[in-house]
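Bear in mind these aren't lab numbers, they're just calculated from the coordinates by the rules spelled out. Not measured: the values here are computed from a predicted model. Counting neighbours? That spans all protein chains shown, and the Cβs are built from the backbone with ideal geometry, glycine included.
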Amino acid sequence: MTYKEALEKIDSLLVFGSKLGLDRIEELLQLMGNPQDNIKFVHVAGTNGKGSVSNMTARILTAAGYKTGLFTSPHITGFGERMQIDFNKISQQEVIELTERLFPLVERLRAEDKIITEFEFVTAMAFEWFSEQEVDVVVLETGLGGKFDATNVIKTPLCSVITSISLDHTAVLGDTLAKIAEEKCGIIKDSGATVFAFQEDSVNTVVTETASKRNNVLYTPFNLPVLLSDITGSIVSYDGMEIKLPLVGMHQVNNLALVLAAVQALRSRGLSIDNDAIRNGVECVKIPARFELLSNNPMVIFDGGHNPGGLAALSSAVDKYLSDKKIICVMGMLKDKDCRSALSVLKGKIYKLITTTVAESPRRQTAEELKETASEYFDNIVADENAVNAFKAALKFAEETKDSVVLVCGSLYLAAQLREYYLNEKE
């Protein structure tokens, strides 16, 4: 089996299950010997910020000397990004070997009409790899929700982290913040530690009551003084030292505050994490497509914000760092996203909008469909079904327009596609 063939096998599985539940992955893991039971976890759920929180937490643990696994999704730079140890991606050969060994179990279950999804298989693969590599701790990011997410087969983690919650995947998770919060709180296990930043009242009530019912110690962040903030990131003050946060935006400062609360929880659970590890870990964090500045001439920024909360954070960053720029925005969104809410937060901030289609997604909406919706909020709009052509048009327009910036947003899948194209073109 080649690496390409392994990925094709994984991609051949259903993206989503026909019904919610953990029965399928639990049965698969039982056939594998339950590798997840050999691992300590930091479990992270939320609508927005969980990728940033997971990455920063893993960086700090690695800097503290722990052999640290990181499991995230979706990937931006390639499949190996989804599972890493000390920020070394799983190798192609390891993916091949794990697929060859584990896929027959998937086929065995399929013969019994038990269909394993793509995310369930990748999660099981990650558990197997982390267990075999004898990691000290894994920072485990949920895929969708919490209660019925495939990652939620683990026992009580070192701590459960709940990030910012907003409306997303409402058809699956519920149509109110309280319902979504209840799903996310499924990762809170008995006698654990919960890390959470207070937000909307309905969310606060669900999280605090769940933590109390499950006998969890609740850790909440405090405000971090910001000494400097610009397009390259922020400098914050923490416990008598200055920390350079390379991630842009005040929402990332809030994410860091949540991470520091998680560090407190981990220290209480016996992990040794000194302040040098915090500073060194945070200062080397790199996450693609999170208000990522890839060029200054012309200025080109990629952001994976794809729901109202994510787009609101993007809007705040545009206000703070790009208020004097003409924003030429390339946007594609999936059909199951709240496009109107997402578009409304950018109203009045986009100089020219080019809508496009997110390639290779069964949930994609066409550029024309998005243009029609966006016309309620923007005047200067064109549609181009081909994402690369849309991006090329934006770059050309930026070269001809003084004080302009190209912004790609609306979908992590779109950001991944165009980011790869742009970096290859620059080489």
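Points to keep in mind about this one:
- In sequence order, calculated HN-Hα J values of region 264-270 (Karplus, 6.51, -1.76, 1.60; Hz; x Gly/Pro): 4, 4, 5, 4, 5, 8, x
- Semi-axis lengths (Å, descending) of the ellipsoid that matches the C-alpha gyration tensor of region 1-158: 23, 18, 15
- More than 20 Å apart - percent of Cα-Cα pairs taken over region 76-227: 59
- Extension gain, residue 283 to residue 297: 0.36 nm times the residue separation minus the Cα-Cα distance gives 2.5 nm.
- Largest-first ellipsoid semi-axes for region 292-426, taking √(5λ) over the Cα gyration tensor eigenvalues, angstrom: 19, 17, 14
- Antiparallel DSSP beta bridges within region 292-426, percent to nearest 5: 25
- Amide H partners (placed H, <5 Å) of residue 326, local residues excluded: 404, 405
- Calculated [θ] (222 nm, deg cm²/dmol) that DSSP helices of n ≥ 4 give over the chain, each run adding -39,500 (n - 2.57): -12500 deg cm²/dmol
- Two-site FRET efficiency, residue 38 against residue 426, from Cβ-Cβ distance with R₀ of 35 Å, rounded to 0.05: 0.25
- Only beta bridges with both residues in the chain are counted; by DSSP, about 35 percent of them are antiparallel.
- From least to most packed, judged by other beta carbons within 10 angstrom and beginning with the fewest, 53, 217, 300 follow the order 217, 300, 53.
- Residues of region 214-241 with amide N under 20 Å of the 7 Å Cα→Cβ point at residue 403: 230-232
- Normalised by the number of residues in region 260-326, the mean separation of alpha-carbon contacts (under 8 Å, six or more apart) gives a relative contact order of 16 percent.
- Förster radius 22 Å - calculated FRET efficiency between residue 242 and residue 198, Cβ distance, rounded to 0.05: 0.25
- Part-to-part distance (alpha-carbon centres) for region 290-313 and region 113-165, which is given in Å: 27
- Sorted largest first, extent of the chain alpha carbons per principal axis (Å): 60, 56, 43
- Put in order of Cβ neighbour count within 10 Å, fewest first, the listed residues 128, 283 become 283, 128.
- Normalised Debye scattering of region 3-96 at q = 0.12, 0.16 Å⁻¹ gives log10 I(q)/I(0) of -0.49, -0.90, counting only Cα atoms as equal scatterers and leaving out solvent.
- Exposure proxy ranking for 182, 400, based on other Cβ atoms within 10 angstrom of each Cβ and starting from the fewest, stands as 400, 182.
- Measuring nothing but how far apart in sequence close Cα pairs (under 8 Å, 6+ apart) lie, relative to its length, region 28-108 scores a relative contact order of 21 percent.
- Inter-part distance, region 334-351 to region 48-93, computed on C-alpha centroids, equals 30 Å.
- Length gained when the stretch residue 112-residue 379 is fully extended (0.36 nm per residue, less Cα-Cα span): 90.7 nm
- Spacing of the two label points (7 Å from each Cα toward its C-beta) at residue 320 and residue 213, in nm: 3.6
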